[in-house]
1. Can you sort B:Arg242, A:Arg244 by how many other beta carbons sit within 10 Å, fewest first?
2. Averaged across the residues of B:234-246, what count of C-beta atoms belonging to other chains lies within 10 Å of each residue's C-beta?
3. Which aspartates and glutamates, if any, have their Cα less than 20 Å from the Cα of C:Lys311, not counting same-chain residues under 8 positions apart?
4. Under a Cβ-Cβ cut-off of 9 Å, what is the net charge of the residues other than C:Leu92 that fall near it, where Lys and Arg count +1 and Asp and Glu count -1?
5. In straight Cα distance, which lysines are under 29 Å from A:Lys31, not counting same-chain residues fewer than 8 positions off?
6. How many Cβ atoms of partner chains, on average, are near each residue of C:222-229 if near means within 10 Å of its Cβ?
7. My understanding is that a pair violates if its Cα-Cα distance is over 29 Å; which of C:Lys129/C:Lys210; A:Lys288/C:Lys178; C:Lys220/C:Lys345; C:Lys58/C:Lys125; C:Lys125/C:Lys210; A:Lys62/C:Lys301 do that in this structure?
8. Order these by the 10 Å Cβ neighbour count, fewest first: C:Lys142, A:Lys55, A:Lys288.
Amino acid sequence: MEAGALTTRDDLAAARLAGSSRGRLADPAFKWFLTILAVLILAIIVFFFVFLINKASPAISKFGLFGFTFGAEWNVSKSVYGAWPLLVGTLITSAVALVIGVPIALGAALYITELCPARLRAPLTMLLELLAAVPSVVYGLWGVFFLIPKLRPAEQWFADTFSFLPFVGGSVAGPNYFIAGLILAIMILPIVSAISREVISTVPAELKEGALALGATRWEMIRLAVLPYSRAGIAGAIMLGLGRAVGETIAVTLVIGNAPQIGKQIFDQGYTLAAVIANEFGEAANNKLHSAALIAAGLVLFVLTLLINAIARYIVVRGNRMRDIPPPEEELTMPTTGPLIGGPVMQ
Amino acid sequence: MSDVPANALAPISARRRHTDQVMRAVLLIVTLLALVPLVLVILRLLTSGLKAISWDFFTTDPSGNFLGNPGGIKSAILGTIEMIAVAALITIPIGIGVALYLVEYGKQGRFAATVRYFVDVLTGVPSIVFGLFVYVALVVGNVGGSGFAAWKGALAIALLMLPIVTRSAEVVLLLVPDGLREAALALGAPRWKVVTRVVLPTAAPGLVTGSLLAIARGAGETAPLLFTAAIVQGTSFNLNARMNSLPAQIFADVGQAQDRLVARAWGAALTLVTMILILNIVARLVARRSRST
Amino acid sequence: MRYRIPAAIGAAALALVVAACGSSSSSTSSTAKSSGTANGAGSTFAAPIYQQWGSNLKGQGVTINYQAVGSGAGIAQLQAGTVDFAGSDPPLAAADKAGLKKGPVTQLPMALGAITVSYNVSGLKTGLKLDGATIANIFLGKITKWNDPAIAALNPGISLPSQTISVVHRSDSSGTTKGFAAFLAAYSPTWKSKVGVDKTLNWPTGTGAKGNDGVAAAIKQTPGAVGYVEQAYALQNNFTYASVKNSSGNYIAPTLNSTTAAAEGITIPSDLGITTINSPNPQAYPIASQTFVDMYTDLCKDGGMSSQNAKALAAFVNYGLGDGQTVLTQLSYAKLPSSVLTPTKTAASKLTCNGQPIS
């Protein structure tokens, strides 16, 4: 800009922006307004946790923290509340979700970033994100009326043919751990693939080109350059998918069978922490111990998610540190793409 | 050939080429596999849902009749629109406000880091716990003179949307170039004007996109509403009374044995997914238009 | 240009909020015609009845919102004060009454229904003969196939498939469960000691579904399934169900007659807490259940209702005990016999609002 040669337009603009002396009072007022807002929100969030912990305390004090979390029996009529069968159900369904969902999500992410023609990239990405736009209750509806009946013969065949394997066998009634895990796999596909895609696309081009220049095939380039580099980020993506699978309620309660014991086979009915809350909250309204137990179950669920997210963060940061990559400005939980913006899956 | 580095891989053997082709095919198949559920769900939604849809479907309330006409989903649609609108009105200004604080004033300070951390922590709360919180805190004690009430449902959803709105707003606000802020400050603008006249307008499309996506998420949530707004058949605009909603209505109908009630569930599901898709498309259009300007 | 979309959304939202605040008087204002709303929750066993009665009363300014969440949740909601009346199949137990602290409670039997043992086995028609001990063993997981000798012994001449039995039970707190368990406990000491009688049970086997409707859906969707479900649901979905051996040794099918017979000759306690399970009447269906509507006797002072809404609830109850009884047969429930109906009507007339009888 030429010094000292401001046009009339700039003068007017400056005058408009500078405003009157009133502006000098408005500035601190505005800042304090926003600060107080932030303080208020922080207070509300803290109150949220304190309140829940307080309401859960009758159950925790009766059974002990360990006794509640690992208690082997959840029996409402005897007023015995042990969350272990529920925790196991949550872990089993989430494990199935990961085993099925992660390879597919990762494969899709690799294909979209590395192999597919450029003009297909946006449509494929959008289609994958659409999976996240379907609400959880609609997945439950689809699971009950489409997935369960269609897969029952195949599951029965599998149970009969492979019954020598541990945890396989028995008769397939309909809802079971496996179906719940399968639906969870579908629901975590978008988040795992989106974050994997972002991670894979940050692989430096020199690394990939170097591998290709050395004579690697495309697949070898992926195997030798892309995957090792993105290992930590992908692990983080998996952890985040796990975190979401753990908290899913509505779709799971419709397809897991709601049985309070730990099933012996993968095709048995089970229960999860989230499903028990949904099923029993109504009758717990006036029962202090029962509602405390349900809130405690919710807190166990939340602590599990917290743990998983913390591990994810640790893996990512440590992986990046090994490569001298500065920590990302954006938190890993928040891809800005599509409907995936943070948070647990729709319930 | 002297210019080939010593550690170069050997010329591509047939086996390696074969592996490459196989793995490429595998990755393609896996990608298509990822899309199979989407296709199946949409197909099923269309075939089962369109059967239930009619003008009456949208204009009559669920009748609650065990025999005879089950009615439509009017109260569910209106209830969802109203409760999500209230939730959005609560959450979006607050979320953007907190994000503004974090980006413009708090920045990397310790207090801002604490706020950021707690908002992040809120992200990991399963949505059913939000419903449980509002239930125990507000519904059971009959706070506000009513047990189950629509505003309590809206509040639960607002809590759920808050971390999403805040974080996406923060990301968008961070993208506004500092140069713009500095230029405005250099021209003598007070801080608050920089924020309201420069930063917010520049970030507006991104904020709108983020808000619409958060609304799309909130609209599909069931668990927070089960415990708070409950389900009711009649159409009501009264925020201090029970209100129906699409996800709750679908959830109620899923567990039914009668085919016509299940058909209503499919119709309602199709309606809900369509509403969410429209929100997503609008959000995308806003984002694309802002990129092109 | 950029602001058009957010402005439009904001305007629409604002309009809805204004409409909401403006019309908040829709359900509680006193217009020339009395209009009131009563909120209830509870038994899925009786849900079809209350929803039909509510639908019939809609034109008369009475709005009944009934949420079928199970008897247990209904009582809990009444105790918590979030509903005006609860639908419960079992009579109020001591523990239930202890939680209803605000004042005296009125318990009104409304109808009788049959808990069928429904099954989904291709080739098996309605009328499979089963007795209490066998049913208990099925639900205990001891009998696992349809062609088990115990079932075959009761049904000579019927060819039973070797299909696996898939048990379906309730996942929520249910009065239907309590009635069914009471019947099983009378015929199976193992059931009585191992599982017990309550609204929520630790089921040894099977899939849990929410509500009678959920159990019906699960039975419908699962080949080889067996579950206990109220007759209206079974008939609506064309289920096949068993004829069950009663206390006199007769195999009785669940019909309106056999359900009504279960209430004849039973003792009626002063609080009207009757039970028709395992009735001594030789023609009675042994798993017939009663269902109650429970509320505080003083609807306004203890129940927290406005006088308008209390009137609506009283109208609902009186309708149910009057013309509503004829609706029951259409829905496949049995009417109350006069020995029960008369004292119930008396009790219903004693409902008050702030000490004054409700007109």
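1. Values: B:Arg242 27, A:Arg244 24.
So the ranking, lowest neighbour count to highest, is A:Arg244, B:Arg242.
2. On the way: counts 7, 1, 8, 10, 10, 6, 5, 7, 5, 1, 0, 0, 3.
Mean shielding count: 5.
3. Those aspartates and glutamates meeting the cut-off are C:Asp84, C:Asp294, C:Asp298, C:Asp302, C:Asp323.
4. Working: positive: C:Lys97; negative: C:Asp96, C:Asp271, C:Asp294.
Net charge around C:Leu92: -2.
5. Here the lysines satisfying the reach criterion relative to A:Lys31 are B:Lys107, B:Lys193.
6. Mean inter-chain Cβ contacts per residue within 10 Å come to 2.
7. Among C:Lys129/C:Lys210; A:Lys288/C:Lys178; C:Lys220/C:Lys345; C:Lys58/C:Lys125; C:Lys125/C:Lys210; A:Lys62/C:Lys301, the Cα-Cα distance tops 29 Å for C:Lys220/C:Lys345; C:Lys58/C:Lys125; A:Lys62/C:Lys301.
8. Numbers: C:Lys142 15, A:Lys55 21, A:Lys288 11.
Result, fewest neighbours first: A:Lys288, C:Lys142, A:Lys55.
Read the figures in this text as sums done on the coordinates, not as results from a lab. Since the model is a prediction, treat every value here as computed from it, not as a measurement. Cβ sites come from the backbone with ideal geometry, for glycine too, and all protein chains shown count toward neighbours.
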